[in-house]
Amino acid sequence: MSTSKYIILGGGMVAGYAAKELAGRGMGSGELVIISADDHLPYERPPLSKGFLSGKDTEAGISINSSEWYREHGIDVRLQTLIEDVDLNKRRLRASSGESFDFETLLVATGARARKLDCPGSDLPNVFYLRSIDDSRKIRARAADSKQAVVIGGGFIGMEVASVLVQKKIETTLIIREDRVWSRVFTPAMSEFFERYYSSRGVRLLKKEGIASLQGRSRMDVLLSGGRKISCDMVVAGVGAAPVTSLFAKTGLAVENGIVVNEYLETRETGVFAAGDVANYPDQIFNKRRRVEHWDNAVSQGQHWANIVRGERQPFLHVPYFFSDVFDLSYELWGDAEGATQTVARGDLSSSSFSIWWLKEDRLVSAFVMNRPDEERQAAPEWIKSKQTISPKRLADQNRTLKEAAQA
């Protein structure tokens, strides 16, 4: 039985970008095996709720690397391969087919799976959850024959899917249990802007509503906790995700809201790392542990792991970052607003060009930027990383530049 120098367990974005980085840093042919339960080579995840879902992007277009690229670099990608047992003492993975894979270094990149609704009917045929390319394919196919849709969840997945469906001329209702959209992230004024924007484009919003049950197969009824009933052709639920860790429950790895790693993405087992949605890592900027479910984190941690195993041992230091596209809007978000003591707005919140800056004791901890000058996009992550002191008064002054807002 052969032993691979590197095995990446999981075929998502971590794998695609880690492979790219390893190849660029002189990895030899035959040294890397990627094991994926998916039926597609590693691909970009953001288009699944945006361009791919809308039909603008193709499967080939969202692939991180082509099949030819993997062959040229001697990388063995095992698709539709389900690992059912992990033996870290023997440094061995066993697939459901009976095939075993031995490794010297393992990167766990199993990602996260979509949480399901906790109500009767959550598994009906036309109830969809969005996590994989196959999920997006199925939603797209059903949308082609649908006139009415219900989207459940007021976070970024729900908002992005609702945006795509209503632009397909589908009557779309967005149901959220909170009193405003994405209340965990947005300020009340930001939620008000997006609610107004969505309503003006035909999305019906129902707030402070829970789901009592889902009924029907071809034509469906969504029964709300308040007693209301909504009929539709399809339901898409975006109610969060949970890290895929069950394989490692009895391996000795620390598992707590993901697989616990140190600042070098290492687990407590020598030669075993974790990255991406599944990794619970120490954020050196905010001095707290976090697990991030977004594209930028997966890319950055995949690349960082590749650098570490090729000899560049540096702690992972990264400003959390998120972006979204809805309708004709694109926005970006950096940092962590938890514990912020005040917010400052620049631009006009009644328009689609504004930024929000969260401060904690006059230091920037988070920023949202939409259709603003490049200097704001550039300053946001740098100020957060450097813990720049800011003058709230000068930052709020529209006639002052950002440079003037930064105190010496």
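Throughout, read-outs are computed from the coordinates displayed, never taken from laboratory work. Values in this document were obtained by computation on a predicted structure and should not be read as measured data. Cβ: placed from backbone, ideal geometry, glycine included. Neighbour counts: every protein chain shown.
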Beta bridge orientation in segment 116-237: antiparallel %, DSSP, nearest 5 = 35
How about Lys5: which aspartates and glutamates have a C-alpha closer than 13 Å to its C-alpha, ignoring those fewer than 8 places off in the same chain?
-> Glu31, Asp76, Asp102, Glu104
Take the alpha carbon gyration tensor of segment 111-163, find the square roots of its eigenvalues, order them as a ≥ b ≥ c, and report rounded if a/c is under 1.5; if not, report prolate when a/b exceeds b/c, else oblate.
-> rounded
Consider just the alpha-carbon atoms of segment 1-104 and return their Rg together with their Dmax, both in angstrom.
-> 14.6, 47
Using a/c under 1.5 as the rounded threshold, could you call the chain rounded, prolate or oblate? The axes a ≥ b ≥ c are square roots of the C-alpha gyration tensor eigenvalues, and prolate needs a/b larger than b/c, oblate otherwise.
-> oblate
For segment 116-237, average projected area of the Cα convex hull in nm² | 6.9
Gyration tensor over alpha-carbon atoms, segment 183-271, equivalent ellipsoid semi-axes in Å | 39, 22, 11
Can you give the relative contact order of segment 116-237 as a percent, counting alpha carbon pairs under 8 Å and 6+ residues apart?
-> 34
As a percent rounded to 5, the proportion of antiparallel DSSP bridges among beta bridges in the chain is 60
Percent of beta bridges antiparallel (DSSP, segment 153-312, rounded to nearest 5) | 70
Give me the net charge of Ala189's neighbourhood, meaning all other residues with Cβ under 13 Å from the Cβ of Ala189; Lys, Arg count +1, Asp, Glu -1.
-> 0
Rounded to the nearest Å, what's the spacing between the alpha carbon centres of segment 259-298 and segment 362-408? Just the number, please.
-> 28
Can you run the Rg to Rh ratio on segment 328-405? Use alpha carbon positions and the Kirkwood inverse-distance Rh.
-> 0.93
Extending each Cα 7 Å along its Cβ direction at Thr3 and Arg204, get the distance between those two points in nm, one decimal.
-> 6.3
Distance histogram for segment 45-122 (every C-alpha pair counted, 10 angstrom bins, percent rounded to whole numbers) = 13, 28, 35, 21, 4
Does segment 224-295 classify as rounded, prolate or oblate by the C-alpha gyration tensor (a ≥ b ≥ c root eigenvalues; a/c under 1.5 gives rounded; else a/b over b/c gives prolate, otherwise oblate)?
-> prolate
Taking every other residue with Cβ under 12 Å from the Cβ of Leu93 and scoring Lys and Arg +1, Asp and Glu -1, one gets 0
Divide by every residue of the chain the summed helix terms, -39500 (n - 2.57) for each DSSP H run of at least 4, and state the resulting mean residue ellipticity at 222 nm, rounded to the nearest 500 deg cm²/dmol.
-> -6500 deg cm²/dmol
Listed here are the pairs Lys168/Lys207; Lys20/Lys360; Lys20/Lys168; Lys90/Lys116; Lys208/Lys387; Lys56/Lys208; which of them are more than 31 Å apart at the Cα?
-> Lys20/Lys360; Lys20/Lys168; Lys90/Lys116; Lys208/Lys387; Lys56/Lys208
